[in-house]
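Engineer: Sending over a structure as structure tokens; questions will come in a sec.
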Amino acid sequence: MKRSLNQLLMIALAFVWISCSEEENDPSMPKSFDGGVFVLNEGNFGSANASLSYFEPVSKKVYSAQYNNASGQDLGDVLQSGHINDNLLFLVVNNSNKVIALDLDNQLSEKYILSGVQQPRYLTTSGSKGYVTETVSYAEKGKLSVFDLTSGEVTNTIAMDYQPEGVLKNGDQLFVSNNGSANVFVVSLSTEEVTDTISVGSSPGQMVVDQDGDIWIVCAGGYDQNWDPANDGAFYEIDPTTLQVKKSIELGANISGKIAISPAGDEIYYHNSGSIYVLQVDAQSAPQTAFTSVTSFYGIGVSGDGTIYVADASDYVQNGSVYRYETNGTLLDEFETGLLPGGLIFN
């Protein structure tokens, strides 16, 4: 059967359209991970369906299931957090009790797996060593494990309080928030011992460093004897030299323990009751006007150019999304991720 010229053109255009569509949804890996954003999709607890997405801000292309594509294996149960040190990407998989070290220069090939950790939470590095907080269990005190970055061998463990959470390197010290108590432990990097304890508020979480070098920690707030919110969430500003609390800002609510800071170090982004707020570090009280609203907040991050990334878990069953905003609150765009996008790592 002969085809007309118009029919042949329509077939050719359809082929081009299909090819372009497939390219836009290409699940393979990018040629390079430089300048992009890793999205840590936590997955459903107990389902071992965590995943790693990668977003290229220039092309706006999303690469899904990057660990699966690289290794041919499932990532595990609850991707809690991650960290980049030089060419290594560390993935902390909480309920699978492991930390995976991947080579960014070699298509995420596996360097080693740090096994034997117990409910790991967050990780940082300094020099040739890595440091990961471990809950261990909710009935006993946790620990901070020290490991060699080259071999993945655990070289030391340091006793913490209940539910150690965030860990921040500052100078020759580590600051570790203990979420199950109301204190921050200070650890000497040289002796690998706890040297001081700083009292803060209920459920201390993540920490950031501001423009003046001070440490800000968010305290999510506690619960009363009936398990009702105590509405005592707060920010604490700590002088890393004197280890004194310089200022506290009460928020009048229980809030998320996840925060992010602007590249200039003058604004802290946090979530409270369905909205994102921006706290100026020189302020004496909490902001009253929201930056933007979010349906099911699950994570936040700010890139080096100041773009704000807000992760939304949707209905906790379907794939989530990440929304990108300018500093004035204008929505730039959004992209789909995996299940429960909880963390953002900028490379």
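Engineer: Could you identify the single residue in Thr292, Thr330 that is among the β-branched types (Val, Ile, Thr), without any contact (Cβ under 8 Å) to a residue 24 or more places away in the chain and over 24 Å from Gly43 (Cβ atoms)?
Structural biologist: The conditions single out Thr330.
Engineer: Which residues, taken from segment 62-113, are over 20 Å from Gln206 (Cα atoms), touching a strand residue (DSSP E or B) at 6+ places or on another chain (Cβ under 8 Å) and either touching a residue at least 60 places away in the same chain (Cβ under 8 Å) or among the small types (Gly, Ala, Ser) (or both)?
Structural biologist: Hits for segment 62-113 are Val62, Ser64, Ala65, Ala70, Ser71, Gly76, Leu88, Ala101, Leu104, Leu108, Ser109.
Engineer: Are any residues in segment 70-123 outside any strand (DSSP E or B), under 20 Å from Leu344 (Cβ atoms) and of a type in the set (A, V, I, L, M), and if so, which ones?
Structural biologist: Correct list: Ala70, Leu75, Val78, Leu104, Leu108.
Engineer: For Lys143, work out the one condition from (1) under 30 Å from Gly72 (Cα atoms); (2) crowded, with 17+ Cβ neighbours inside 10 Å it doesn't fulfil.
Structural biologist: For Lys143, the exception is condition (1).
Engineer: What number of residues within segment 204-230 satisfy the criterion of being assigned to a loop (DSSP other than H, G, I, E, B) and farther than 27 Å from Leu243 by Cα?
Structural biologist: Residues that pass the stated criteria total 5.
Engineer: While we're looking at this one, here's another question. Somewhere in segment 174-193, is a residue touching a residue at least 60 places away in the same chain (Cβ under 8 Å), buried (at least 18 other Cβ atoms within 10 Å of the Cβ) and not in a loop (DSSP other than H, G, I, E, B)?
Structural biologist: Looking for residues that are touching a residue at least 60 places away in the same chain (Cβ under 8 Å), buried (at least 18 other Cβ atoms within 10 Å of the Cβ) and not in a loop (DSSP other than H, G, I, E, B), one finds at least one in segment 174-193, hence yes.
Engineer: If you don't mind, another one. Determine if segment 37-45 includes at least one residue that is outside any strand (DSSP E or B), at pLDDT 95 or above, within 20 Å of the chain's Cα centre (by Cα) and closer than 20 Å to Gly152 by Cβ.
Structural biologist: no
Engineer: Just need a number here: residues in segment 312-347 that are part of a loop (DSSP other than H, G, I, E, B) and charged (D, E, K, R).
Structural biologist: Of the residues in that region, 2 qualify.
Engineer: All but one of (1) free of Cβ contacts under 8 Å to residues at least 60 places away in the same chain; (2) surrounded by 20 or more Cβ atoms within 10 Å (Cβ to Cβ); (3) part of a loop (DSSP other than H, G, I, E, B) hold for Gly257, so report the exception by its number.
Structural biologist: (1)
Engineer: Same structure again: Scan segment 264-311 for residues that are over 17 Å from the mean Cα position of the chain (by Cα), surrounded by 15 or more Cβ atoms within 10 Å (Cβ to Cβ) and part of a strand (DSSP E or B) and jot them down.
Structural biologist: Glu267, Asn272, Tyr277, Val278, Leu279, Thr292
The values are calculated or read from the model by the stated rules, or taken from the named source; none is laboratory data. Predicted, not measured: the structure shown is a model, and the values here were computed from it. Here Cβ is always computed from backbone atoms with ideal geometry, including for glycine, and neighbour counts include all displayed protein chains.
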